[in-house]
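J.: Next up is a structure, given as structure tokens.
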Amino acid sequence: MSKEIPSQYNPQTTEDKWYSYWLKNKLFKSLPDEREPYTIVIPPPNVTGVLHMGHMLNNTIQDILVRRARMLGKNACWVPGTDHASIATEAKVVAKLKEDGIDKNKISRDEFMEHAWEWKEKHGGIILEQLKKLGASCDWDRTTFTMDENLYKSVIKIFVDLYNKGNIYRGIRMVNWDPSAKTAVSDEEVIHKEEQSKLYYIKYKVEGEDTHLTIATTRPETILGDTAVCVHPEDERFISFHSKNVIVPLVNRPVPIIQDEYVDREFGTGALKITPAHDIHDYEIGQKHNLQSIDIFNDDGTLNEAAELYIGQDRFEVRKQITKQLEQEGFIEKIEDYVNKVGFSERTNAVIEPKLSMQWFLKMEELAKPALENVTNDTIKFFPRKFKNVYRHWMENVKDWNISRQLWWGQRIPAYYLPNSNDFVIAENIEKALELAKEKTGNTKLTEKDLHQDEDVLDTWFSSWLWPISVFNGINKPDNEEINYYYPTNDLVTGHDIIFFWIARMIISGYEYREQFPFRSVYFTGMVRDKQGRKMSKQLGNSPDPIKLMEKYGADGVRIGMLLCSPAGGDLLYDDKLPEQGRNFGNKIWNAFRLVKQWEVDEKLEQPESAKKAISWFGNKLNQTIETLDRQFADYRISEAVMTIYKFFWDEFSAWYLEMVKPAYQKPIDAATLKSTNAFFDKILRILHPFMPFITEEIWQLLEDRNDGESIVVADMPKKLNYDESLLSDCEIIKEVISSIRKIKKDKNIPLKEKVQLKIKSNSVKYKHHANSIIEKLGGVDNIEIVEQKI
């Protein structure tokens, strides 16, 4: 061959070269045709994001599935894209504006959106470019963004449809309020952490009596919003206080002592302060007992005029100040250390404030039924199956979804308010809204300027729940060629942490708008942790930069390293030894290739018997391995599949087969053996390609002359042929014999190349004479004799 083969494999030059080649030849491009489609939609990363280890694992698995499907002759379509990530993106834009001396509150919504789009165009999409370094074989012409015009229209259309069906409503409810982002967030976006807190025992004077009740609270600042004290109706300690009032300390507000079985008699003193505006359970008690709600917090977590005291100060500063004042005025009975769970915003890490707020909600109970049924009956399969129970529990207890967010970046809620009224109409655009408003009011003189659109945007997940449909424009054009061809998709690869945020909701929307599941299978990846089992984070400094890892170990090395210890749904304990092991595997493949390419061929040379036997054995072993891999892929045991091909190449091909067939030092090889070896190498490269796309392309192109545009990317995946199990069993015995001879030589200090005689007891093993040539070659044996008894 005329091509020069470098002594070492260089991932940096190889990866850029072949990725450009793949793009140039449009090898990842997919259009509907007569082939069976294989479709994956990428879990869209936040447009603000950069590649982290979780992305690496997730997208490596997706790429393996897509590349394998493509090589199996399917029309593989992997749709990439990003999510507009309302809270995270708006926070970054606000921070950027602040750096530039601009206050969001002093510019118009349109001006803010201009800045947001400018930021998105400059910084968004970085992660997609980074995925190319990993080797992701996405159809990049299909790159989609959840705020693209078609997707935006899809979201608005669905909102209008669900509202018209009676599934969306507006009302004041207790929500999780993020004072940093100044928006409501869903239950699933609240992370509960154990905190070292204090339990404050505070005395409430009984009105008109020289006595008091003591309550225990972790939040003394909220007493300013108290509207009752509650005791258990059967708690004998408090029966004499029924129907009386107490005076709220500092603000001197008389409030009733009420009775409710909700109260835990064992907690604190058994008397519970009730603050309906700032605790979900207090809110429910307040509704039941018709109590007043006093909202004492501004949207940013400072106290408002309703608090009467500490107006304008931050809630946590007030906690310190009010504790001092309560102590000084004699209201504190005692303070104890206390461990409790506190809710934090997943996006901003701010402590969540329960807050009454006017919000939009989607009724979920009826919508969720088909989604629950079709996971329960395995129409949609989860891998691993344990997550099916997690899913079922959530779906059986599903709550209405708070879909509104108090932000500007996102799909704006299509509610248009009538002049001087809280009444509204719902429409896809202002023109349709005006028609409906005229009908509703009977006022034909209304103009668009008379209507005011709701200021809130929709929850980010309200756009991404449509992702498998909307990327093919299946909402706006429900009968178009692409949605009919590519939907439902095949596999979803994602983390189990968004099983409720995203997976459940996509299934719901799939059945609601396509009457069909959005994907057939869900493969759950585990969490990537450090070797101590800790979650990776910037704060701990234990999260390596994936780009730097790929620069050091090569993309193939990192891909293999992460998969070698990543069972479905199980956490991966990352260590730099993993990508190092992956890189070493690549070097092993490269060195094996160089070995074969260095052999000189003699066309006249007869094929040795040992080579014939080796080729027969290895061909059968290869087919057995292909069968194993097919089974592992069918069961989504990707990590096991990696280990199967890893061991197969390292042990069976390199350690045994190549040793069986390689010519003596500085001697040529016969043409038939070299041809078979190259054919085996070609098949192995095809099997390896989905796992290690770059090195396999490089070697495949060097293995023989190729035409321009040819690529292993679209080469056929080897199919399993029948194999002889008895022959494979015989070969295992042969390998044992050879290994035993080598061990004896080592133990006796006999040089491995020194020839010895081998005597085999006739009834000791099921010895097959046809293996003599292989044993003689690899064992360093010049004579094999069968004897009746041990000598």
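J.: Count, please, the residues in the stretch 256-269 that happen to be open to solvent by less than 30 Å² (accessible area, probe 1.4 Å) and either within 30 Å of Gln313 (Cβ to Cβ) or aliphatic (A, V, I, L, M) (or both).
T.: 4
J.: Restricting attention to the stretch 716-750, which residues are part of a loop (DSSP other than H, G, I, E, B) and either β-branched (Val, Ile, Thr) or in contact (Cβ under 8 Å) with a residue 12 or more places away in the chain (or both)?
T.: Asp716, Met717, Pro718, Lys719, Lys720, Leu721, Asn722, Tyr723, Asp724, Ile750
J.: Another question about this same structure. How many residues does the stretch 547-599 contain that are free of Cβ contacts under 8 Å to residues at least 24 places away in the same chain and among the β-branched types (Val, Ile, Thr)?
T.: Qualifying residue count for the region: 0.
J.: A further question follows. In the set Arg529, Arg520, which member is at pLDDT below 95, surrounded by fewer than 19 Cβ atoms within 10 Å (Cβ to Cβ) and assigned to a strand (DSSP E or B)? Before the answer, list the steps.
T.: Values: Arg520 fails: at pLDDT below 95.
Going through Arg529, Arg520 in turn, the sole match is Arg529.
J.: Of the residues Asn484, Asn490, Asn443, which single one is over 30 Å from Val190 (Cα atoms) and in a strand (DSSP E or B)? I'd like the intermediate steps shown before the answer.
T.: Numbers: Asn484 fails: in a strand (DSSP E or B); Asn443 fails: in a strand (DSSP E or B).
Sole residue among the options that is over 30 Å from Val190 (Cα atoms) and in a strand (DSSP E or B): Asn490.
J.: Checking the structure you have, find out if any residue of the stretch 141-151 is of a type outside the set (A, V, I, L, M, F, W, C) and without any contact (Cβ under 8 Å) to a residue 24 or more places away in the chain. Spell out how you get there, then give the answer.
T.: Initially, the stretch 141-151 is screened for residues of a type outside the set (A, V, I, L, M, F, W, C), giving 141-144, 146, 148-150.
Next cut, without any contact (Cβ under 8 Å) to a residue 24 or more places away in the chain only: 148-149.
Yes, the conditions are met somewhere in the stretch 141-151.
J.: Working carefully through the options Ala568, Ala555, Ala504, find the one that is of a type outside the set (S, T, N, Q), at pLDDT 95 or above, under 18 Å from the mean Cα position of the chain (by Cα) and surrounded by 21 or more Cβ atoms within 10 Å (Cβ to Cβ). Step through it out loud before you land on a result.
T.: Details: Ala568 fails: at pLDDT 95 or above; Ala555 fails: under 18 Å from the mean Cα position of the chain (by Cα).
Of Ala568, Ala555, Ala504, the one residue that is of a type outside the set (S, T, N, Q), at pLDDT 95 or above, under 18 Å from the mean Cα position of the chain (by Cα) and surrounded by 21 or more Cβ atoms within 10 Å (Cβ to Cβ) is Ala504.
J.: How many residues does the stretch 285-308 hold that are part of a helix (DSSP H, G or I) and in contact (Cβ under 8 Å) with a residue 12 or more places away in the chain?
T.: 6
J.: Here is a further query. Can you find a residue that is among the small types (Gly, Ala, Ser) and surrounded by fewer than 22 Cβ atoms within 10 Å (Cβ to Cβ) anywhere in the stretch 394-415? Explain how you work it out, then say what you get.
T.: Initial filter on the stretch 394-415 (among the small types (Gly, Ala, Ser)): 404, 410, 415.
In the following step, the residues that additionally are surrounded by fewer than 22 Cβ atoms within 10 Å (Cβ to Cβ) were identified as none.
No, the stretch 394-415 has no match at all.
J.: Mind listing whichever residues of the stretch 533-546 are in contact (Cβ under 8 Å) with a residue 24 or more places away in the chain and open to solvent by 10 Å² or more (accessible area, probe 1.4 Å)? Don't jump to the end; show me each part of the working.
T.: Of the stretch 533-546, the ones in contact (Cβ under 8 Å) with a residue 24 or more places away in the chain are 533, 536, 543-544, 546.
Once the filter is applied, which keeps residues that are in contact (Cβ under 8 Å) with a residue 24 or more places away in the chain and open to solvent by 10 Å² or more (accessible area, probe 1.4 Å), the stretch 533-546 yields Gly533, Met536, Ser543, Pro544.
J.: On the phi > 0 side of the Ramachandran plot and either modelled with pLDDT under 95 or of a type in the set (A, V, I, L, M, F, W, C) (or both) - does that describe any residue in the stretch 239-251? Please lay out each step first, then the result.
T.: Step one: of the stretch 239-251, the residues on the phi > 0 side of the Ramachandran plot are 243, 250.
Filter once more, so that each one left must be either modelled with pLDDT under 95 or of a type in the set (A, V, I, L, M, F, W, C) (or both): 243, 250.
Yes, some residue in the stretch 239-251 is on the phi > 0 side of the Ramachandran plot and either modelled with pLDDT under 95 or of a type in the set (A, V, I, L, M, F, W, C) (or both).
J.: In addition: Testing Ser86 on (1) under 27 Å from Ser639 (Cα atoms); (2) more than 14 Å from the chain's Cα centre (by Cα); (3) open to solvent by less than 10 Å² (accessible area, probe 1.4 Å), one condition comes back false. Which one is that?
T.: In the conditions (1) under 27 Å from Ser639 (Cα atoms); (2) more than 14 Å from the chain's Cα centre (by Cα); (3) open to solvent by less than 10 Å² (accessible area, probe 1.4 Å), Ser86 misses (1) alone.
J.: Next up: Can you run down the residue pairs with Cβ atoms below 7 Å, 6 or more apart or on separate chains, where the first is in the stretch 349-376 and closer than 29 Å to Asp282 by Cα and the partner is open to solvent by less than 20 Å² (accessible area, probe 1.4 Å) and among the hydroxyl-bearing types (Ser, Thr, Tyr)?
T.: Close Cβ pairs (under 7 Å, with a partner that is open to solvent by less than 20 Å² (accessible area, probe 1.4 Å) and among the hydroxyl-bearing types (Ser, Thr, Tyr)) amount to Ile352/Ser345; Gln359/Ser404; Trp360/Ser404.
J.: Answer yes if at least one residue in the stretch 430-452 is buried (at least 21 other Cβ atoms within 10 Å of the Cβ) and touching a residue at least 60 places away in the same chain (Cβ under 8 Å), and no otherwise.
T.: First, the residues of the stretch 430-452 that are buried (at least 21 other Cβ atoms within 10 Å of the Cβ): 433, 437.
If we keep only those that are touching a residue at least 60 places away in the same chain (Cβ under 8 Å) as well, we get none.
Checked the stretch 430-452: no residue is buried (at least 21 other Cβ atoms within 10 Å of the Cβ) and touching a residue at least 60 places away in the same chain (Cβ under 8 Å).
J.: Within the stretch 121-144, count every residue that is in contact with a strand residue (DSSP E or B) (Cβ under 8 Å, 6 or more places away or on another chain) and open to solvent by 30 Å² or more (accessible area, probe 1.4 Å).
T.: Taking the stretch 121-144 first, the residues in contact with a strand residue (DSSP E or B) (Cβ under 8 Å, 6 or more places away or on another chain) are 124-125, 127-128, 136-139, 142-144.
Now narrow it down to the ones that are open to solvent by 30 Å² or more (accessible area, probe 1.4 Å): 142-143.
Within the stretch 121-144, residues that are in contact with a strand residue (DSSP E or B) (Cβ under 8 Å, 6 or more places away or on another chain) and open to solvent by 30 Å² or more (accessible area, probe 1.4 Å) number 2.
J.: Still on this structure, please answer the following. Under the condition of being more than 41 Å from the chain's Cα centre (by Cα) and of a type in the set (S, T, N, Q), which residue from the stretch 270-308 is least open to solvent (accessible area, probe 1.4 Å)?
T.: Among those residues, the one meeting the criterion is Gln292.
J.: Run down Ala95, Ala136, Ala76 and say which single residue is of a type in the set (Gly, Ala, Ser) and within 26 Å of Asn349 (Cα to Cα).
T.: The conditions single out Ala95.
J.: Lys182 fails exactly one of the following numbered conditions: (1) at pLDDT 95 or above; (2) on the phi > 0 side of the Ramachandran plot. What is the number of that condition?
T.: Unmet condition: (1).
J.: Looking only at strands (runs of 3 or more DSSP E) that fall completely inside the stretch 145-255, which ones have 3 or more residues that are surrounded by 22 or more Cβ atoms within 10 Å (Cβ to Cβ)? Can you show your working first?
T.: Numbers: elements: 168-178, 183-185, 190-206, 212-217, 228-231, 245-248.
Correct list: 168-178, 183-185, 190-206, 228-231.
J.: Something else: Of the residues that sit in the stretch 751-782 and are open to solvent by less than 80 Å² (accessible area, probe 1.4 Å), at pLDDT 80 or above and part of a strand (DSSP E or B), which one is farthest from Lys662 (Cα to Cα)?
T.: Leu758
J.: Report the residue count in the stretch 399-429 for those that are assigned to a loop (DSSP other than H, G, I, E, B), within 34 Å of the chain's Cα centre (by Cα) and free of Cβ contacts under 8 Å to residues at least 60 places away in the same chain. Outline the logic, then answer.
T.: Step one: of the stretch 399-429, the residues assigned to a loop (DSSP other than H, G, I, E, B) are 399-400, 403, 406-411, 413-414, 418-423, 427-429.
Cutting the leftovers down to within 34 Å of the chain's Cα centre (by Cα) gives us 399-400, 403, 406-411, 413-414, 428.
Checking the rest, the ones that are also free of Cβ contacts under 8 Å to residues at least 60 places away in the same chain come to 400.
Going through the stretch 399-429 one residue at a time, the tally reaches 1.
J.: Now, a different point. Restricting attention to the stretch 541-576, which residues are under 25 Å from Ile684 (Cβ atoms) and either among the charged types (D, E, K, R) or assigned to a helix (DSSP H, G or I) (or both)?
T.: Listed by number, the residues that qualify are Met550, Tyr553, Ala555, Asp556, Gly557, Val558, Arg559, Ile560, Gly561, Met562, Leu563.
J.: May I pose another question? With a cut-off of at least 2 residues that are in contact with a Pro (Cβ under 9 Å, 6 or more places away or on another chain), name the helices (runs of 4 or more DSSP H) lying wholly within the stretch 635-693. If you could, list the steps in order and put the result at the bottom.
T.: Values: elements: 638-647, 658-661, 671-688.
It comes to 638-647, 671-688.
J.: List pairs: first in the stretch 608-629 and under 12 Å from Thr673 (Cα atoms), second assigned to a helix (DSSP H, G or I) and of a type in the set (A, V, I, L, M, F, W, C), Cβ under 6 Å, 6+ apart or cross-chain?
T.: Listed by first residue and then by second, the contacts come to Ser610/Ile774; Ala611/Val661; Lys613/Ile774; Ala614/Met660; Ala614/Val661.
J.: Which of the residues belonging to the stretch 309-358 are assigned to a helix (DSSP H, G or I), under 38 Å from the mean Cα position of the chain (by Cα) and surrounded by 16 or more Cβ atoms within 10 Å (Cβ to Cβ)?
T.: Our first condition is that a residue be assigned to a helix (DSSP H, G or I); within the stretch 309-358, this holds for 315-328.
Add one more test, that the residue is under 38 Å from the mean Cα position of the chain (by Cα), and what stays is 315-317.
Correct list: Arg315 only.
J.: Within the stretch 475-493, how many residues turn out to be surrounded by fewer than 19 Cβ atoms within 10 Å (Cβ to Cβ) and in contact with a Ser or Thr (Cβ under 7 Å, 6 or more places away or on another chain)?
T.: Residues flagged as surrounded by fewer than 19 Cβ atoms within 10 Å (Cβ to Cβ) and in contact with a Ser or Thr (Cβ under 7 Å, 6 or more places away or on another chain) within the stretch 475-493 amount to 1.
J.: Still on this structure, please answer the following. Out of the residues in the stretch 581-619 that are among the aromatic types (Phe, Trp, Tyr) and under 14 Å from Glu659 (Cβ atoms), which is surrounded by the fewest Cβ atoms within 10 Å (Cβ to Cβ)? Working first, answer last.
T.: Within the stretch 581-619, the subset among the aromatic types (Phe, Trp, Tyr) is 585, 590, 593, 599, 617-618.
Checking the rest, the ones that are also under 14 Å from Glu659 (Cβ atoms) come to 599, 617-618.
Values: Trp599: 17, Trp617: 24, Phe618: 21.
The residue in question is Trp599.
J.: Scan the stretch 29-46 for residues that are within 23 Å of the chain's Cα centre (by Cα) and either buried (at least 23 other Cβ atoms within 10 Å of the Cβ) or not in a loop (DSSP other than H, G, I, E, B) (or both) and jot them down. Steps first, answer last, please.
T.: Kept after step one, since they are within 23 Å of the chain's Cα centre (by Cα), are these residues of the stretch 29-46: 38-46.
Once the filter is applied, which keeps residues that are within 23 Å of the chain's Cα centre (by Cα) and either buried (at least 23 other Cβ atoms within 10 Å of the Cβ) or not in a loop (DSSP other than H, G, I, E, B) (or both), the stretch 29-46 yields Tyr38, Thr39, Ile40, Val41, Ile42, Pro44, Pro45, Asn46.
The values are calculated or read from the model by the stated rules, or taken from the named source; none is laboratory data. Fair warning: this is a prediction, and the values are worked out from it, not measured in the lab. Every residue, glycine as well, gets a Cβ built from its backbone with ideal geometry; the counts of neighbours run over all protein chains shown. Ligands, DNA and RNA are excluded from the accessible area calculation, which covers all protein heavy atoms including side chains. Shrake-Rupley method; radii C 1.70, N 1.55, O 1.52, S 1.80 Å.
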